[in-house]
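Each reported figure results from applying straightforward, stated rules to the coordinates on display, with no laboratory input. Everything numeric here is computed off the predicted structure, so don't read it as measured data. FYI the Cβ positions are ideal-geometry reconstructions off the backbone, even for glycines, and counts take in every protein chain you see.
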């Protein structure tokens, strides 16, 4: 069973905004991202890391490899969120 089916956003209406944010952040990192399918960037990230990720069953993929892919995407998004928050805080202090 795919873990993906168990993930739910606390605010489901935020999905479109999160997808757009992911597309923007990963595009800024140099990855080709289709804004209508931002989750597909994981295949390009996997390829750049030398990890054989393919659509469909990846049951042979190690947890470490899957974590490297997700970590690259999620980590980049978190760093950008922190940068944006710091920018907003700095604007308020002026």
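Annotations
- Using alpha-carbon coordinates, inclination of helix 15-28 to the longest axis of the chain, degrees: 90 degrees
- Relative to the longest principal axis of the Cα atoms of the chain, helix 63-93 runs at roughly 10 degrees.
- Cα-Cα separations in the chain greater than 19 Å, expressed as whole percent: 50 percent
- Sequence ranges 45-57, 24-36, ranked by mean other-Cβ count within 10 angstrom, highest first: 24-36, 45-57
- Computed per residue of the chain from DSSP H runs no shorter than four, each worth -39500 (n - 2.57), the mean residue ellipticity at 222 nm is -19000 deg cm²/dmol.
- For the range 10-93: relative contact order, % (alpha-carbon pairs under 8 angstrom, 6 or more apart): 25 percent
- On the beta carbon distance between residue 58 and residue 92, with R0 = 25 Å, the FRET formula returns roughly 0.05.
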